[in-house]
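In what follows, a single structure is set out as structure tokens and then discussed.
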Amino acid sequence: MAAAMLVVTLLHAAPGLGVPAPAFMRAGASASNTPKSVVAQDLAGKAVNPFDAATGKPVVFIFVRTDCPISNRYAPTIKALSQKYAGAAEMMLVYPDKAETSANIKKHLQEYGYKIAALQDPQHALVKLGRVEITPEVAVFNGKRELIYHGRIDNWYKEFGQARSAPTTHELDDAIQAALNSNHPAPASVSGVGCYISDLR
Amino acid sequence: MSRLGLNSPRIIGVGRCAVLAASFWSVNSWGLGPDAPTAKVTFNRDIAPIVYHYCAACHRPGEAGPFPLLTYQDVKSHGRQIMAVTHTRFMPPWPPEPGTLKYADERRLSDQQIATIKAWVDQGMLEGKASDLPPRPKFVEGWQLGQPDLILKAEKPYTLPASGGDQYWNFILPVPINETKWVRAVEIRPGDKRLVHHANMLVDRNQSARHMEKDPGSGFGGMEVRIESEVFDPDSHFLFWKPGTVATSEPDGMALRLDKGTDLVLNAHLQPSGKPEAIQPSVGLYFTDKPATVHPMLLEMQNDGALDIPAGAKDFVVTDEFKLPIDVDLMGIYPHAHYLGKDILATAELPDGTTKTLIHIKRWDLNWQAVYRYAEPVSLPKGTTITMRYSYDNSEDNTANPNHPPARVQGGNRSTDEMAHLWLQVLPKSASPDAGDPRMVLQEAWARHEVEKAPSIFEAHYNLAEMLQRRGALDEAIVQFQAAASIRPNDPVANNALGGALLAQGDVEGAVQRFQSSIAAQPDYFDAHYNLGNALASQENFQGAAEQFGDAVRLNPEDASAQANLGTALAQLGRLTEAKSHYEAALRIDPSNQLARENLLQLEQMLRENPH
């Protein structure tokens, strides 16, 4: 059951090849899902293992699209959390749209004032690993690279077009706390509201 | 089975999915003919016509939609999202329930269209045959009605912050015209359309909103704007923009009047995008040389006074009822509540006992408030009772509730207050050619209704008094002005108006006192100085009158009547040379001022007979 090696191929290596969609690993226990070696792609097109830089720190993938209005509205929240946990956890934006160019992503990062790492995930290896379905959703791994939370950032949106004036739960923040301190329980997984990643296959 | 479960959008319960899928197949087999069960739904044949008609007007570059929906790839890359948002009817935004009265430009998907979209996504979003693809819709670029005759642009942009809740910003757009113009169409370009949820424009004939600006041209915040008017000049047109609005020309004879010195105030509802954005709206005006011959009127029903919603209340109801004193044609309707609004209903019960639903919104969403115009005017005869019935949800169940935990909310103008308003654009019909302006009959009935509903509200008494005075019912007008002034004893406008009514009735003493109170409350109030001057002159106190007219002229040197009256007061005091210069000033401003001309001739005669 263990996913021994999930490889995110280069953007141009397998353009739209009919790779059979692997079954989503919704049912697996998190421990069996521990990534030993994962390769994503940086904005220069270079393969990178996002866990290498973390050196034992928790890793947070935040899945976004340049054209998803809800993930865009989360930019200030994402930036605030990345500042709050700077040095303590590695937070990275993950762009799962294989049609997106790195130039457009760089423009997006600049427009929204992001100062955190950004990765491309054209083959959805990180999507599968993090068991996410929506932008914006997040996947939080503890220092042992165990997936301890996946799902929404908070409960700001209840449905499309139904946003609270401010969120009243803060799942991502709680999950990072749990990743940093094993005495802190991880929140239950709750789906986000936004754009379906499966539309990008 | 497990794949099916995974592919279902999580926003829709599995049980409901199953029901919807079942209804799709039955609909499809009726809709697509005998070979339907084998035909797969394709983008080119089945989806493109829906998307082109209902989505593309906003979902294209430069418009309100956050991403374009013009090609197969565009639509496919948001396919399940489209399925989810059409299923909940969040998109395309069309909140009113379908009813017997039709609105212009209805943008509402049928159940069958929604089922077709779901089937397309479930079947794997097939593209289909290229020959099935209809031509792309053509849209007019730039100004929709051609180059406007006059373009107004907000002087300074407003910078919308990256985060936070909804913002409301008011831009003041002075209209640089030197003479009265008739406007056949107004096109509102609210700035970046992705950020503006809706915009409402008000005609401010007295530049009354300007004083809210900290710096001239910078605009000011606030969800509701109050436009003050001291004369009977009711609002007549909805000037409203929402995503997808296409500017249209009013029919001949329904033009909007704009005078020199008028401001347009654009109230824009903005939603932060995640990054700071500059918003700088512009407005295009299209003139006509055909003045208005028919005069619509915006009738405002409301019951803010009854809004005192306890924390946790799920179904708090307020109502207002108004019986039409004359026949009207209803042209459009604009319901308005804030974040707690839940179920919005307006009905008309006709004298024959039949009832028409004017609008019913079962899931009110402030973000998608809009003006709705009827496809055909709705004829409502005299004696029709219009009822608004709004319910409010102040519980945790209401996602939009601004208070967490819920708190008591009362009526008011701030976005955290609540409102219960319903504007109706009506075309009042005259009972007979000599019955006068039917708008006044309607306005007086409305004002009387307001006084009965809310006897402690200043504006109710003031507005009724104004209507009574205009038709010469002076005694009753004085009673209402007195009621207004007793609610706000220091209100300069009410005291001045009451003074004016007393003066007209011959109570000079009483009038003088009221004008003095008005000036004490607002020393730079031109009208009160002018009126006090007249009252003192009628008591032959020309010294006092000259002082008051002098103050009036200092406040507004361009007022011909004040200049002429100052001339007369000075002449009475024997200060003929000074008097002459003020008569001359009056005639320079207004060469047709008969009084100034006659008095000047007489004065010149006196100067010749009695030179110094």
### Task
Please go through the stretch B:288-325 and pick out each residue that is among the aliphatic types (A, V, I, L, M) and either buried (at least 20 other Cβ atoms within 10 Å of the Cβ) or under 17 Å from B:Ala337 (Cβ atoms) (or both).
B:Met297, B:Leu299, B:Met301, B:Ala306, B:Leu307, B:Ile309, B:Ala313, B:Val317, B:Val318, B:Leu324
#### Entry: Any pair with Cβ under 8 angstrom, 6 or more apart, that starts in the stretch B:400-412 at a residue that is within 12 Å of chain A (Cβ to nearest Cβ) and ends at one that is among the basic types (Lys, Arg)
B:Ala400/A:Arg164; B:Asn401/A:Arg164; B:His404/A:Arg164
### Query
Tell me, which strands (runs of 3 or more DSSP E) wholly within the stretch B:267-306 include 1 or more residues that are in contact (Cβ under 8 Å) with a residue 24 or more places away in the chain, small (Gly, Ala, Ser) and within 14 Å of chain A (Cβ to nearest Cβ)?
B:277-279
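Each row is one residue, and each column tells you yes or no for (1) in a loop (DSSP other than H, G, I, E, B); (2) out of contact with any Phe, Trp or Tyr (no Cβ under 8 Å at 6 or more places or on another chain); (3) modelled with pLDDT under 90; (4) under 15 Å from B:Gln123 (Cα atoms).
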| residue | (1), (2), (3), (4) |
| --- | --- |
| B:Leu4 | no, yes, yes, yes |
| B:Leu20 | no, yes, yes, yes |
| B:Phe24 | no, yes, yes, yes |
| B:Val27 | no, yes, yes, no |
| B:Ile47 | no, no, no, yes |
| B:Phe67 | yes, yes, no, no |
| B:Asp74 | no, no, no, no |
| B:Thr86 | no, yes, no, no |
| B:Arg89 | yes, yes, no, no |
### Task
Determine whether B:Glu459 is of a type outside the set (Val, Ile, Thr), part of a helix (DSSP H, G or I) and within 30 Å of B:Asp166 (Cβ to Cβ).
yes
### Query
Based on what the data block shows, is B:His338 within 14 Å of chain A (Cβ to nearest Cβ) and in contact with a strand residue (DSSP E or B) (Cβ under 7 Å, 6 or more places away or on another chain)?
yes
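Yes/no matrix, rows are residues, columns are (1) surrounded by 22 or more Cβ atoms within 10 Å (Cβ to Cβ); (2) out of contact with any His (no Cβ under 9 Å at 6 or more places or on another chain); (3) at pLDDT below 95:
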| site | (1), (2), (3) |
| --- | --- |
| B:Pro405 | no, yes, yes |
| B:Asn413 | no, yes, yes |
| B:Ala420 | yes, no, no |
| B:Asp434 | no, yes, yes |
| B:Ser456 | no, yes, yes |
| B:Leu464 | yes, yes, yes |
### Query
Which one is nearest to the other protein chains (Cβ to nearest Cβ), of the residues in the stretch B:346-369 that are buried (at least 19 other Cβ atoms within 10 Å of the Cβ) and farther than 24 Å from B:Thr416 by Cβ?
B:Ile359
### Query
If you check B:Ala57 against the conditions, is it within 29 Å of B:Glu376 (Cα to Cα), of a type in the set (A, V, I, L, M, F, W, C) and either within 14 Å of chain A (Cβ to nearest Cβ) or in a loop (DSSP other than H, G, I, E, B) (or both)?
yes
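Of the residues in the stretch A:102-121, how many are more than 12 Å from chain B (Cβ to nearest Cβ) and either over 24 Å from B:Glu277 (Cα atoms) or crowded, with 17+ Cβ neighbours inside 10 Å (or both)?
Qualifying residue count for the region: 7.
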### Message
Kindly evaluate A:Val132 against the criterion of being in contact with a Phe, Trp or Tyr (Cβ under 6 Å, 6 or more places away or on another chain) and more than 10 Å from chain B (Cβ to nearest Cβ).
### Response
yes
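Looking at B:Arg363, B:Arg389, can you tell me which residue is in a strand (DSSP E or B), more than 19 Å from the chain's Cα centre (by Cα) and within 30 Å of B:Ala407 (Cα to Cα)?
Only one candidate passes the filter, namely B:Arg389.
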### Query
Hey, among the residues in the stretch B:463-477 that are without any contact (Cβ under 8 Å) to a residue 24 or more places away in the chain and assigned to a helix (DSSP H, G or I), which one's nearest to B:Gly510 (Cα to Cα)?
B:Glu476
### Message
Of all residues being crowded, with 18+ Cβ neighbours inside 10 Å and not in a helix (DSSP H, G or I) in the stretch A:178-188, which is farthest from the other protein chains (Cβ to nearest Cβ)? Just the residue, please.
### Response
A:Ala186
### Query
Which numbered condition trips up B:Gln563, out of (1) polar (S, T, N, Q); (2) buried (at least 21 other Cβ atoms within 10 Å of the Cβ); (3) in contact with a Phe, Trp or Tyr (Cβ under 7 Å, 6 or more places away or on another chain)?
(3)
#### Entry: One residue from B:Asn496, B:Asn490 being surrounded by fewer than 16 Cβ atoms within 10 Å (Cβ to Cβ) and in contact with a helix residue (DSSP H, G or I) (Cβ under 9 Å, 6 or more places away or on another chain)
B:Asn490
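Matching residues to (1) in a helix (DSSP H, G or I); (2) of a type in the set (Phe, Trp, Tyr):
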position: B:Ala370; (1), (2): no, no
position: B:Ser395; (1), (2): no, no
position: B:Pro402; (1), (2): no, no
position: B:Asn413; (1), (2): no, no
position: B:Leu422; (1), (2): no, no
position: B:Val441; (1), (2): yes, no
position: B:Trp446; (1), (2): yes, yes
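Each row is one residue, and each column tells you yes or no for (1) within 11 Å of another protein chain (Cβ to nearest Cβ); (2) within 30 Å of B:Ser395 (Cβ to Cβ).
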| residue | (1), (2) |
| --- | --- |
| A:Pro136 | yes, yes |
| A:Val140 | no, no |
| A:Asp154 | no, yes |
| A:Tyr157 | yes, yes |
| A:Ser165 | yes, yes |
| A:His170 | no, yes |
| A:Ile176 | no, no |
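The values are calculated or read from the model by the stated rules, or taken from the named source; none is laboratory data. The shown structure was predicted, so the numbers you read here are calculated from the model rather than taken from an experiment. For neighbour counting, all protein chains shown are included, and Cβ atoms are generated from backbone atoms with ideal geometry for every residue, glycine included.
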